[in-house]
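The values are calculated or read from the model by the stated rules, or taken from the named source; none is laboratory data. All values reported here derive from a predicted model rather than from experimental measurement. FYI the Cβ positions are ideal-geometry reconstructions off the backbone, even for glycines, and counts take in every protein chain you see. When the accessible area is computed, the model is the full protein with side chains, heavy atoms only, and any ligands, DNA or RNA have been set aside. Shrake-Rupley method; radii C 1.70, N 1.55, O 1.52, S 1.80 Å.
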2 protein chains.
Amino acid sequence: MIVDVYIELKEGVADPEGEATKKALRLLGFRNVKSVSSRKVFRIEIDVKTREEAEKEIEMMCEKLLVNPVIQKYKIQWVE
Amino acid sequence: MIVDVYIELKEGVADPEGEATKKALRLLGFRNVKSVSSRKVFRIEIDVKTREEAEKEIEMMCEKLLVNPVIQKYKIQWVE
């Protein structure tokens, strides 16, 4: 099974990468850009039999390694 | 309009972040993980009237700043 884990910053957390990207785009002349925010995606291929098992494992991976719950939140999207 | 720009590595390009994440997950005991690849998403809010304009501008942003065409490819997804 293949899963995309989307990781983004929680509301109110500063996003320096997004801010810097917005500034750079505006300096390049893209004046219509209102905001830019950055996100991270991990595409994970996992060898389990059911979606329930995959979901449970992915949640544990997020808690143990992939996501910092103080500043980030995540969602899971099925690819296959 | 709000657009997500998904940036990923082209086929055959090494993905050290994905590889390191896979190794770390396996060391933590997630033996069912077969592969991990990393992607980047920029969520861009742009103030134009039509989707065509937005698409054209986003493509220029990718070419000029966001994407390194030697090793990366991108796709656009509409959020709003």
| query | Out of (1) farther than 23 Å from B:MET1 by Cα; (2) part of a loop (DSSP other than H, G, I, E, B); (3) open to solvent by 60 Å² or more (accessible area, probe 1.4 Å), what's the single condition that is false for A:GLY12? | reply | (1)
| remark: Apart from one, (1) within 10 Å of another protein chain (Cβ to nearest Cβ); (2) of a type in the set (D, E, K, R); (3) over 18 Å from the mean Cα position of the chain (by Cα); (4) not in a loop (DSSP other than H, G, I, E, B) all hold for B:ARG39; the odd one out is (3)
| task | Give region A:42-71 a look and list any residue that's assigned to a loop (DSSP other than H, G, I, E, B) and among the basic types (Lys, Arg), or say none. | result | A:LYS49
| Any idea which of (1) in contact (Cβ under 8 Å) with a residue 12 or more places away in the chain; (2) hydrophobic (A, V, I, L, M, F, W, C); (3) facing chain B (nearest Cβ under 9 Å); (4) assigned to a loop (DSSP other than H, G, I, E, B) is the one A:PHE30 doesn't satisfy? | (1)
